[in-house]
Each structure stands twice: as structure tokens, then as C-alpha cells.
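Readers should treat all values here as calculations from the given coordinates under stated rules, not as data from a laboratory. Bear in mind that the values here come from a model prediction, so they are computed numbers and not experimental data. Virtual Cβ from ideal backbone geometry, glycine too; neighbours counted across all protein chains shown.
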Amino acid sequence: MLLDTILRGHDTVHTIAVSIGLLIPALTVCFNIVRRRSGWRGAQRLFWDTCLIGIALWCLGHVGWALSNLLLQQTSWGQWHALFSLCGGLGLLVSLLARPHLGERPEAVGAISVKLVSYAMLGGFIYAYFVLVPTVVESSATRAETMMLTLIQIQRLLLVFATGAAAYVARRTSWVSTYRLLFAGATTGLSLRIATTLAAGAGPYHSGPLFDLAWIIPFLCYAGAALVAPPSVDEPTARVQVPRRTPSALLSAIPVLLIPLIGYGLLRLQPLGEPGDSFRVLLTTMTTVAGLGLMTLRLSMQGTELQRTDARLRLLAAATEQTGDLILITRADGGFEHANEACVRALGYSRSELAGLSLQDLLQSGFEATIEHIPTEVREKGGWRGTLLRRRRDGSVFPVSSTVAALKDAEGQVLHYVAVERDITDELRLRDQLVQSERMSAVGELVAGVAHEINNPLQTIVGCVELLLEERKGDDDQARDLHLVRQEAARAGQIVRNLLAFVRRGASDRTSTDLNQIVKATADLREYHLAQQNISLVVDLHADALPVLANREEIQQVVLNLLMNAEQAIASGAGPATIVMKTTSTGTVHTLQVTDDGPGIGQDLRGKIFEPFFTTKEVGQGTGLGLSICLGIASSHGGALELVDSPQGACFNLTLPAQVLAPVRAPAAPAGATRGAGAARLRALVIDDESAIRDLLTRLLDRRGFAVAQAPTSAEARRLMQQPFDLVLCDVKLGDGSGIDCYHYLRHKGASCSTRFVFITGDPGAIEDISGAADVAVLSKPFTASDLDRVLSGMQVGV
């Protein structure tokens with residue numbers, strides 16, 4: 001407008017300057033589209049390419065209009081540049097058919113392109129039919145110009161409605177800002193161009209002031225729309241969107257049907273006479289033929305697209321049927337639509353049976369609220385993930401990890417729900433095993449930590465009792481009491497060793513023994529007590545001996561525990577009851593079966609009975625460690641302990657690998673107490689940080705003819721070991737180090753291999769990692785004088 005004011009009166013310069021001023025906004029739109037074009041793909045790029053072509057045609061038309069005005073000093077709406085200007089406005093209107101807010105849709109670009117060309121061809125036909133052909137007939141030139149102005153206004157009005165509708169439909173998408181700017185530009189252009197059209201209709205049109213704003217403001221809005229349009233980005237979608245079914249081929253056929261209808265129909269209603277009607281017939285015929293060609297191309301593309309889609313659907317259907325995941329598709333109302341083969345097998349229903357069921361029929365009771373909540377969360381968040389309990393046809397249940405997504409149409413309405421589920425029974429079982437393993441690791445650390453502290457006072461008790469028993473050779477009441485104290489202390493020590501063997505799965509001292517003898521001895525212990533409770537004990541032993549390589553006390557503990565568990569299970573019942581203990585053999589495996597006729601063990605408890613600290617007894621009646629310790633003992637012996645199915649009551653099987661009985665050798669005589677006169681005494685070193693144990697061992701060894709030295713620490717032991725010793729008794733855990741270090745120091749010092757090294761420990765598993773220690777003996781606390789004598793066996797002690 002400033003240039004218009006300054007250059008008013010200079011017609012040539014004025015026309016050139018104003019024309020360039022009007023080109024700048026349109027070229028700005030083209031520049032923004034070209035600059036951002038690489039960021040769009042598929043239908044979105046096609047939309048902007050169509051806009052670019054339309055605006056480029058408008059620019060050519062505007063240049064033609066300016067040259068005609070400059071060179072010929074006159075313009076006409078029927079000239080070629082008017083056609084280009086019309087196509088410029090038609091380009092944006094036609095491009096909206098690409099619907100870029102629906103996404104890239106690369107597979108639909110070809111069909112959309114044919115549709116855009118068809119509607120562009122319809123627009124060109126209408127302009128040529130109503131404007132160009134009448135212009136050829138001089139008597140119809142004025143009417144053609146009026147029709148031209150009318151068509152332009154109709155086109156602008158359609159653009160306003162189209163951009164407004166697009167902005168409304170895409171109001172929940174990222175394209176809403178783009179459509180709003182396009183709508184603002186179209187509305188402003190329509191309002192301002194009404195004034196320019198009126199001015200042009202009243203007389204010759206002159207560019208300048210407010211008239212030029214009718215072009216400038218819309219182009220500025222279009223340039224802004226090209227800047228804010230979102231790029232094509234591959235984003236993961238939380239839902240599968242199903243486009244609404246629209247007759248695409250019919251939309252493409254509309255222009256082809258309208259062209260002959262308009263062309264031939266108006267020949268009778270508005271004849272132009274010759275040669276105008278002949279031109280119209282020729283134009284209609286040629287355009288119809290071109291439209292039919294486009295229609296044929298569209299149908300061919302649609303057939304190819306249908307074949308490709310059908311092949312993709314068959315591929316997806318095959319993948320769906322072959323996958324191990326459970327895939328279930330329901331309608332929006334909850335009715336079943338489809339279930340894949342894995343789902344049918346897992347649930348036990350046929351597809352026809354599933355069609356008559358509801359979602360609640362396939363879920364364990366208690367999940368009704370979850371099912372009602374799923375649709376709401378899917379609508380709000382795009383999907384739902386969680387764990388459900390599915391119920392099979394036979395009534396059994398299994399846990400599944402479920403993911404639910406929605407299939408929606410273009411307007412966001414839910415059509416179907418798709419649930420993809422995975423049976424997680426094995427995963428939960430592995431998780432439970434891991435949790436149990438972690439629990440056992442914690443128990444192991446706890447037991448190993450306190451075993452040393454428990455066994456030290458037990459060792460002192462046992463040792464003192466041994467000394468008193470050696471002094472009292474009679475069978476008086478005090479001697480019997482001392483034997484009882486020693487027996488109970490040894491029992492407490494055995495409990496600690498059993499716990500350590502269980503948590504460490506370590507090997508204990510084992511000898512060849514007969515499983516039948518262990519069972520018979522254990523049954524004899526409990527037979528009278530069971531008879532008092534009206535419980536019959538039936539012992540059915542294998543005809544031959546069943547040799548096993550085992551720790552007799554540990555296996556007897558397992559047998560006794562199984563027998564007492566059976567007793568407790570049936571003791572509360574009325575009437576007589578029976579416990580059966582039966583041994584069998586397959587030659588390589590020996591089996592003990594303990595069966596009772598009690599109430600049995602429920603399915604909900606079968607997976608827990610071997611867990612540590614799990615018990616069904618009243619508080620104070622049990623620790624819950626019995627079966628878990630028995631399982632550890634059986635596993636450490638290479639066997640197994642399991643609960644097997646039984647028609648009545650509970651049935652446990654203890655299996656152990658068979659072993660040939662080794663010949664029994666007479667025990668070697670303990671270190672003699674008979675000493676020859678003048679014979680040298682053997683030297684012993686006792687290393688322990690407990691003074692009570694050092695003094696106890698000193699007294700025991702002194703009575704066996706040893707000259708004993710004591711070392712409370714590892715450092716003191718190294719100092720004393722500079723002298724030769726015949727025997728070294730060393731605790732594994734010392735206050736300033738480890739007994740293992742003392743052993744390695746003695747051997748690396750080059751001490752004679754005749755030096756007998758004995759570890760004394762409350763945790764035998766703590767010395768399993770000693771390498772090259774074949775000459776090392778181990779005394780497990782609490783040990784008796786007899787245990788000490790067996791270690792000293794073969795060492796001659798003089799008198």
C-alpha cells in the first residue's frame with residue numbers, strides 16, 4: 001500500500017511494483033513448503049505438494065495478468081492467466097482430500113493422487129465449459145465473465161467450509177493449528193475478496209490498497225500453516241486405528257460421473273449455438289475419456305492394493321495362529337469376535353463355545369471390578385497391562401500377563417478390544433524358587449554365623465563331662481546323670497550340624513549302612529508310643545539288605561521326622577489309624593515310602609510344605625524346619641524327598657542311591673595310656689581363642705601322654721610353631737585370623753609331614769576349600785573323648 005501511494009501516477013512502475021509486492025507472500029508460502037518438504041512423507045507430503053503446485057500456478061497466472069495489463073493495457077477473465085489463478089485457489093481446496101491429519105498412509109498415496117487429479121480435472125472442466133468456451137463466442141463473453149466471478153466466489157466459499165470442517169475433525173490431533181491457520185486465511189480472503197469482486201464487477205479492476213489485502217493476508221496465513229505443520233514422525237502407537245469405511249472408489253468416480261452429466265445436460269438447457277456447442281461437446285467427450293482412464297487406473301490400483309492387503313492379512317493371520325501367546329478379540333460390547341489357536345487350547349473351549357460366553361465366564365471370581373475398569377483405562381491411556389487369573393473349561397485357573405489395546409475408527413470410536421496374554425505359571429514358579437533360594441541363603445548365613453558360638457559352649461560341656469566320666473568308673477547315679485548330660489549335649493550338637501548340612505548342602509561323614517536297619521531301628525523307637533494312641537505301625541521291609549552310603553544319624557533323622565509327621569496328622573482323628581513304612585529297590589535306587597490314612601495335604605499347601613519355617617501346627621508346636629531339613633539331607637545324599645499322590649492320606653517317598661556295603665573293619669585302638677618308663681612324650685599345640693576349650697583339650701591330651709602348649713591367637717601360634725610338634729589342634733575361626741592360615745604356614749615352613757594337623761570347628765563346611773589337605777583331620781564340635789581318640793589312633797605315645 002505504501003508503494004501504491006508513492007508510485008501513484010507512474011502506471012508502468014506502479015504495475016510492476018505492486019505485482020511484485022503481491023508475489024512475495026505467495027512465494028513465501030512456496031519457500032516454506034519447499035524448505036520443509038523433506039520432513040513430510042506419504043499423504044502428508046502429497047497434501048503440501050498439491051498446495052505448492054496450486055500456489056505456483058497462481059503465481060504464473062498473476063505474472064500473466066501483470067504482463068497483459070502492462071503490455072496490452074487491458075485484462076480479461078477469459079484469458080489463460082485467469083485459468084492459472086483459478087487453479088491456484090483450487091489446489092488448496094483439492095489438497096484437503098488427502099486428509100494429512102490421518103497420518104502418512106504411504107500405501108494409500110497412489111489412490112489419493114488419482115482422487116486429487118480427478119477433482120482437479122473436474123474444476124478445470126467447469127472453468128473451461130462455463131468460461132473459456134463462452135468467451136470464444138463473442139455474444140457470450142459478458143455472461144462468461146459474470147460466470148467466472150460466480151465460480152470464484154463459490155470456490156472461495158467451499159474453501160472456507162472445507163478448512164473449517166478439517167479443523168473440527170482434526171481438533172484432537174497435532175494438525176489442528178495448521179487447519180486453523182488455513183481456515184483463518186480462507187475466511188479473511190473470502191471477506192475481503194467480496195469487496196474486490198464487487199469492485200471488479202462495477203468497472204475495471206485496479207490493484208492497490210484494500211483490494212490487495214485480499215491476496216496478501218490469506219497467503220501469509222498459508223505460509224504460517226506451512227511453518228507450524230507437524231513433521232512426519234514414526235511414533236509408536238498405543239492403539240491400532242481402524243479407518244472408517246468410506247467408498248474411496250466412489251469418491252474418485254464422482255468427477256467422472258459429473259463431467260458428462262454437466263457437459264451434455266446443459267447443452268439443451270443453456271445452448272450457446274455454433275460453434276460454442278461443438279466446442280462443449282468436444283470438451284466433454286475428451287474430459288470424459290480422460291476421466292474414464294483415471295477411473296480405470298484407480299480400479300487397477302485398488303485391485304493391487306486389495307491383493308497386497310489380502311496377502312498381508314493372511315500373513316498376519318498365520319502369525320497370529322502360530323504364536324504361543326493367547327490372542328483374544330472382543331467387540332466393544334464384550335462379545336467374542338476371535339480367539340487364536342493357543343487361546344482355544346489354553347482355555348479348553350471351542351470358538352463356537354466362546355461365542356456364547358462373557359468375559360466374566362473366563363475369569364476367576366474376584367476380577368469383576370478389574371474387567372469393568374479396563375475399558376476406561378484403555379480409552380484414557382490407550383492400553384491396559386496387568387495380571388489376570390483365567391479359568392479353564394474344567395474349572396482350573398492359571399495366571400496370565402495381559403495387554404489390552406483398542407481398535408478404533410477414524411473418529412475415535414472403539415470397535416474392538418484386542419487382548420494379548422501370556423501364561424506366566426512357569427515364570428511365577430521360577431520366581432518362587434528364587435525367593436526360596438534367597439530365603440535359604442539368608443538362613444544359611446544366620447546359621448553359619450551362630451554355629452561357632454553355639455558349639456563352643458557345647459564343646460566345653462561335653463569335654464568337662466568326659467573328664468568327669470574318666471574319673472568315675474562306677475555305675476552310680478552321678479555317672480548316669482553325666483552320661484545323660486553328654487547324650488543331650490551331643491544331641492544339641494547334632495541339631496546344629498544338621499542345620500549346617502542343610503543350608504550348606506555340604507557332605508558329612510558317611511559310611512555304608514543298611515536302609516532296612518535304619519527303618520527298623522526307628523520303627524522300634526516309636527512302635528510302643530504309637531500303639532498307646534491306637535495307631536498301627538506296619539513295617540514292610542525289602543527281603544534283601546539295602547546298602548546306602550550315608551550318614552546314619554542324618555538318614556535316621558529323616559525317617560523319624562516322616563514317621564512323626566504321619567503320627568501327628570492322624571493322632572487327632574477318632575478311631576484306629578495306620579501308618580505303613582515300606583522299603584523297595586530297583587537295584588540302583590532304594591526307596592522308603594511312608595503312608596498314613598489321615599486327612600492328607602490339600603492342593604493349596606503342596607507347594608509350601610518344604611519351605612523353611614512353614615508349618616500348619618499351632619504356635620509353639622513346631623518350627624517349620626523339619627521337612628525342609630529332611631529335603632536338604634536327602635538332596636545332599638544324592639537322593640530326593642517328595643510328596644506323591646495317594647488315594648487316602650499323605651504319602652512321602654525317600655529315595656537314596658544304592659551302594660555296596662563296605663567291609664567293616666575293627667576300630668583302631670586309641671592312643672595308648674600305657675607308657676613305658678623313660679619314653680619321650682609327644683608334643684601337642686592347641687590353638688583356640690576360647691580359653692575354656694584350650695584348657696579342656698590340654699587336660700584331655702595330658703591324660704593321653706602329650707606335652708601340651710597353648711596359643712590363643714594366630715600370631716602366637718606362628719611363634720610357637722618355630723618348634724617341632726607332633727600334633728596340632730587348631731580352631732578354624734580365630735580372633736586375629738584363620739586356622740587355615742596356620743595350616744598353610746606350618747606346611748610352607750617345611751614342617752615334617754609327620755606332624756598331625758587337626759581342625760576343630762563347629763562348621764565343617766568352612767574348611768571345604770582347603771587344597772592339598774589330605775593329611776588334615778576334622779573334629780566337629782562338640783566332640784567326645786572317643787572322637788578325639790579316633791583321630792589320635794596310630795600315634796604311639798610313650799610313657
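Listed values, structure above:
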| quantity | calculated |
| --- | --- |
| Placed amide H near Ala707: partners under 5 Å, 5+ positions off or other chain | Leu682, Arg683, Ala684 |
| For Ser232, residues with placed amide H under 5 Å, excluding near neighbours | Trp40, Arg41 |
| Centre separation in Å (Cα based) which lies between the stretch 330-388 and the stretch 287-327 | 30 Å |
| Förster radius 30 Å - calculated FRET efficiency between Arg312 and Leu266, Cβ distance, rounded to 0.05 | 0.05 |
| Partner aspartates and glutamates for Lys115 [C-alpha distance under 18 Å; skip if fewer than 8 residues away on the same chain] | Asp49, Glu104, Glu107, Glu305 |
| Ranked by how many other beta carbons lie within 10 Å on average, peptides 49-60, 482-493 from highest | 49-60, 482-493 |
| Fully extended contour minus Cα-Cα distance, from Phe398 to Ala17, at 0.36 nm per residue | 129.1 nm |
| Residues of type aspartates and glutamates that Lys582 reaches as a straight line, Cα spacing below 20 Å, ignoring anything fewer than 8 places off in the same chain | Asp514, Asp524, Glu527, Asp540, Asp544, Glu553, Glu554, Glu567, Asp596, Asp597, Glu642, Asp645 |
| Ranked by how many other beta carbons lie within 10 Å on average, peptides 457-465, 306-314 from highest | 457-465, 306-314 |
